[in-house]
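Written below as structure tokens is the structure these notes are about.
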Amino acid sequence: MARKESSFSRSIDWSLVWIYLLLVGIGIMAIFGVTYKDGDPMVATFFGFKTDYSKQLYYFFIAAVLGIFILLTDSKFFPATANLFYAVGIVMLLLVFPFHSRVKGTESIIRFGGFQFQPADFCKVFVCLALAKYLSLPDLDFSKTRSQLIAAAITLFPAAMCLLQSETGLALVYFSFFLVMYREGLPSTILVIGFLVGVIVVCALLMETKVLLIVLSALAIVISFIVFQRNRRRILSIVPVIFLWLLSMGFVGVGVPYFFKHMLKLYQVERIFSTVGREVPPEYIQAHRKEFGQAAAGKPKDTDYNVKQSKIAIGSGGVIGKGLLKGTQTRYDFVPEQRTDFIFCTIGEGFGFVGTTAVLLIYLLLLFRIIAMAERQRSVFSRCYAYGVAAVFFFHIVINICMTIGLAPVIGIPLPFISYGGTSLLTFSILLFVLIRLDADRQMVLR
């Protein structure tokens with residue numbers, strides 16, 4: 001029995017466990033650095049469950065207990081219950097609509113007494129399991145369009161419900177699962193089309209609609225001419241170009257304006273246009289005035305205040321930082337949400353370029369380690385799940401840091417293991433520990 005336990009212990013990838021503990025420790029330290037009040041008893045406040053760093057410590061204890069429980073669970077349990085958990089996640093998302101509480105513009109949170117729970121965040125675990133389960137079906141032919149559409153539906157249905165709950169940031173996270181599908185054979189043309197859609201959206205932000213439509217039309221004429229010159233005998237060869245031109249014209253002329261006028265809140269539109277350095281078009285403000293009343297008519301004086309203060313905080317840290325509890329921007333609450341979405345600037349001010357670089361290197365090590373684990377799995381289920389975890393972590397890390405330094409709109413994406421929040425910490429912990437458990441049985445073929 002002792003030999004069996006020793007063999008199981010050796011099969012666990014302890015490097016991921018240590019990286020996890022290191023990141024959680026950095027997170028608690030950063031939260032402590034911005035929320036500790038001078039004169040408070042330091043030890044007592046850590047265990048009183050009244051301060052944010054105290055609560056984060058207790059959330060970590062709960063996550064650690066869950067992690068141990070997951071490590072002691074049979075690895076066959078996860079593929080066997082993946083679809084059931086997905087159904088539970090969908091039910092939780094549906095329960096948000098009648099029982100939600102509006103918190104900071106989002107309607108995706110359910111309150112239990114003094115606790116808050118966000119099903120949309122937790123559902124990422126279930127989607128990761130369900131997608132891995134589907135992609136690992138023995139008779140699945142993922143080259144067929146039907147299979148690709150089913151996999152996309154598994155991912156996009158929760159994303160659509162997040163949008164209905166005014167949780168745009170989390171909705172975008174679910175698109176990261178398309179990287180898993182790409183690894184399993186999704187045609188690269190689909191990713192290219194997705195990339196081109198993103199480029200068109202950015203161009204729609206930077207250019208006037210009429211100008212962009214003229215540019216797209218000119219581009220379509222040039223491409224059609226080149227295609228026709230290469231194949232003069234088949235005039236129908238330019239039909240796909242014409243179809244894509246009409247599609248892009250409709251997307252720019254109708255789709256993008258509808259999305260900004262009706263799918264996003266006014267403050268989200270302002271943040272996006274602020275990121276690209278443009279004023280919000282009057283027609284967008286007018287559309288929100290009609291929909292939400294006069295309260296939406298006014299434009300805040302400084303829509304990118306958070307980002308400006310975050311940049312100041314990071315810049316003031318210099319090379320080695322000001323030290324723990326010695327920052328000015330973050331200690332005196334100049335940066336809103338400095339313990340959650342903007343916690344990276346807290347690290348930047350306190351520990352400077354050296355500290356932020358160290359955090360980035362730790363995250364890089366985490367991602368490379370997960371990908372290496374994914375490629376050594378015998379089971380398709382374990383490999384797909386590992387890539388799902390890597391995709392979610394990668395999206396959160398990149399968007400959060402870019403958001404903090406002004407390279408992406410502020411969409412409320414937490415930094416894994418570091419940002420304050422019980423649901424966030426538990427979700428990322430479960431994602432990671434399930435991966436560690438599956439990797440412990442990497443020689444097994446799970447169905």
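Miscellaneous remarks
- Length added when fully stretched, Leu21-Arg378, from 0.36 nm per residue minus Cα-Cα: 125.8 nm
- Net charge contributed by nearby residues that have their C-beta within less than 15 Å of Thr155 (K/R +1, D/E -1): +2
- Ranking of Phe433, Phe417, Phe49, Phe251 by count of other Cβ atoms within 10 Å, fewest first: Phe49, Phe251, Phe433, Phe417
- Quick note on the range 112-152: its Rg to Rh ratio, both from C-alpha atoms and Rh being the Kirkwood radius, is 1.25.
- Kyte-Doolittle mean at least -1.0, axial Cα span of 30 Å or more - DSSP H helices of the chain: 14-35, 77-99, 209-230, 343-375, 380-404
- Cβ-derived FRET efficiency at R0 41 Å, Tyr267 paired with Ile221, nearest 0.05: 0.55
- Surrounding net charge for Phe46, when Lys and Arg each add one and Asp and Glu each subtract one, Cβ distance under 12 Å: 0
- Total formal charge among the other residues, if their Cβ is under 11 angstrom from that of Gly89, Lys/Arg +1 and Asp/Glu -1: 0
- The length gained on full extension between Asp74 and Tyr332, counted as 0.36 nm times the residue separation minus their Cα-Cα distance, comes to 88.1 nm.
- Look at Phe47, Phe228 and count the other Cβ atoms within 10 Å of each Cβ; fewest to most, that gives Phe47, Phe228.
- Under the convention that each Lys and Arg Cβ holds +1 and each Asp and Glu Cβ holds -1, the size of the dipole of the chain around its Cα centre is about 760 debye.
- Modelled spin labels at Thr189 and Tyr258, positioned 7 Å past Cα toward Cβ, are 2.5 nm from each other.
- Here the simple spin-label model places points 7 Å from the Cα toward Cβ, and for Asp139 and Ile214 these points are separated by 5.8 nm.
- Taking Arg369, Arg230, Arg331 as the candidate residues, the one with maximal mean-square fluctuation in a Gaussian network model of the chain, Cα springs under 10 Å, is Arg230.
- Put in order of Cβ neighbour count within 10 Å, fewest first, the listed residues Leu206, Leu170 become Leu206, Leu170.
- Applying a threshold of 32 Å to the alpha-carbon distances of Lys55/Lys311; Lys37/Lys311; Lys50/Lys326; Lys50/Lys261; Lys55/Lys124 flags Lys50/Lys261 as lying beyond it.
- Remark: C-alpha extents of the chain on the principal axes read 76, 58, 47 Å, sorted largest to smallest.
- Think of it as helices only: each DSSP H run of n ≥ 4 in the chain is worth -39500 (n - 2.57), and spread over all residues that comes to -21500 deg cm²/dmol at 222 nm.
- Estimated FRET transfer efficiency when R0 is 60 angstrom, pair Lys37-Cys203 (beta carbons, to 0.05): 0.80
Read-outs: derived from the displayed coordinates by stated rules, not from any lab. Note that the structure is predicted; figures quoted are calculated from it, not measured. Ideal geometry is used to build each Cβ from the backbone, glycine not excepted, and the neighbour counts take in all protein chains shown.
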